[in-house]
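The values are calculated or read from the model by the stated rules, or taken from the named source; none is laboratory data. These figures come from a predicted structure and were not determined experimentally. In this analysis, Cβ positions are derived from the backbone assuming ideal geometry, glycine residues included, and neighbour counts consider all displayed protein chains. Only protein heavy atoms, including side chains, enter the accessible area calculation; ligands, DNA and RNA are left aside. Shrake-Rupley method; radii C 1.70, N 1.55, O 1.52, S 1.80 Å.
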Amino acid sequence: ASFVTDASVTIGFSQTAGARILTTGSIVAIGARLAIGQVADRRQRTGVEELVGLLAVAVVGFGLLAMAGESTIVFVLGVLLGFAGSWGWQGAMFYSVVRLIPMPAATSTGAVAAGAYFGTMVMPPLVGFGADRYSYGVVFGLQAGLVLVGIAAVLMSRRLALAESASDPATTPT
């Protein structure tokens with residue numbers, strides 16, 4: 001998010017247009033969080049499917065951003081999908097953690113928050129360095145790859161959590 005306006009200007013948008021793209025992406029992210037929360041609540045399951053779905057949307061968004069070149073339409077679509085997936089997933093992650101881990105919500109979410117916020121702290125300087133040294137296309141492509149690794153980690157974590165809770169039927173999530 002920190003680099004959307006700069007990346008927008010890099011491919012030919014004005015700074016004002018870049019700021020509008022950033023604002024629109026932020027609105028899409030809020031909508032994605034609300035929508036995925038409603039879907040997860042209605043399904044009454046672990047929320048992992050919703051989380052993985054949003055992360056997959058982020059992969060597509062980052063992939064489009066990586067391939068956008070000078071195509072403003074592909075860039076804007078990539079930003080919108082990237083925001084929906086990469087900012088929308090956090091609510092689904094906390095929902096999933098609370099549903100999968102048989103502990104008080106504050107304990108289970110606190111256990112994963114450190115990792116989530118570490119990434120929020122570390123990634124902006126790395127993105128800036130990568131964009132300056134290489135290009136936004138390279139950085140967005142690497143981000144797509146990192147999100148794929150994240151999907152694998154989420155699926156593995158769900159499998160481990162379900163295997164552990166299977167040994168205690170009182171804590172088996174649906």
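Using the alpha-carbon atoms, what tilt in degrees (0 to 90, nearest 10) does helix 15-43 show relative to the longest principal axis of the chain?
The answer is roughly 20 degrees.
Per residue, how much accessible area does region 35-174 show when a 1.4 Å probe rolls over the protein heavy atoms, in square angstrom? Walk me through the intermediate numbers first.
On the way: 7670 Å² over 140 residues.
Value for region 35-174: 55 Å² per residue.
If I take every Cα pair under 8 Å that is 6 or more residues apart in the chain, average their sequence separation and divide by the length, what percent do I get for the relative contact order?
On the way: 216 pairs, mean separation 46.0, N = 174.
Over the chain, the number comes to 26 percent.
Once the piece of chain linking Ser157 and Thr120 is laid out straight, how much longer is it, given 0.36 nm per residue of separation minus the C-alpha distance between them?
On the way: separation 37, 0.36 × 37 = 13.32 nm, distance 2.06 nm.
Extra length from Ser157 to Thr120 when fully extended: 11.3 nm.
Distance from the Cα centre of region 88-133 to that of region 1-68, in angstrom?
16
Using the crude model of +1 on Lys and Arg Cβ and -1 on Asp and Glu Cβ, and no other charge, please compute the dipole size for region 1-107 relative to its Cα centre, in debye to 20. Kindly include the intermediate steps, with their values, before the conclusion.
Numbers: 6 positive and 5 negative charges, 69 e Å.
Approximately 340 debye in magnitude.
How big is the dipole moment of region 16-55 about its Cα centre under a simple scheme where the beta carbon of each Lys and Arg is +1, that of each Asp and Glu is -1, and everything else is neutral? Debye, nearest 20, please.
Details: 5 positive and 3 negative charges, 15 e Å.
Roughly 80 debye, rounded to the nearest 20.
With a point put 7 Å past each Cα toward its Cβ, work out how far Phe129 is from Leu77 in nm, to one decimal.
Spacing of the two 7 Å Cα→Cβ label points: 3.3 nm.
Taking +1 at the Cβ of each Lys and Arg and -1 at the Cβ of each Asp and Glu, which of Leu54, Tyr136, Leu22 sits farthest along the dipole of the chain towards its positive end, judged by Cα position relative to the Cα centre?
Leu54
For the chain, what are the per-bin percents of Cα-Cα distances with bins 5 Å wide, up to the bin holding the maximum?
Here the calculated profile for the chain is 1, 9, 16, 20, 19, 13, 9, 6, 4, 2, 1, 0.
I'd like the FRET efficiency for Asp6 and Arg45, computed as 1/(1 + (r/R0)^6) with the beta carbon distance as r and R0 of 35 Å, rounded to 0.05.
Details: r = 39 Å, r/R0 = 1.12.
Efficiency computed from Cβ-Cβ geometry: 0.35.
Before anything else, pin down the relative contact order of region 30-85: Cα pairs under 8 Å, at least 6 apart, normalised by residue count, whole percent. Don't jump to the answer; show the numbers that get you there.
Details: 54 pairs, mean separation 21.2, N = 56.
It rounds to 38 percent for region 30-85.
Could you work out the helix-only [θ] at 222 nm for the chain, with each DSSP H run of four or more residues adding -39,500 (n - 2.57) and the total divided by the number of residues, to the nearest 500 deg cm²/dmol?
Details: 6 runs with 145 residues, N = 174.
It lands at -29500 deg cm²/dmol.
Using Cα-Cα distances under 8 Å and only pairs 6 or more residues apart, what relative contact order does region 4-47 have, in percent? Intermediate values should be presented prior to the final figure.
Values: 20 pairs, mean separation 11.3, N = 44.
Answer for region 4-47 is 26 percent.
With unit charges on the beta carbons (Lys and Arg positive, Asp and Glu negative) and the dipole taken about the Cα centre of the chain, which residue among Thr5, Ile36, Val122 sits farthest to the positive side?
The residue sitting most towards the positive pole is Ile36.
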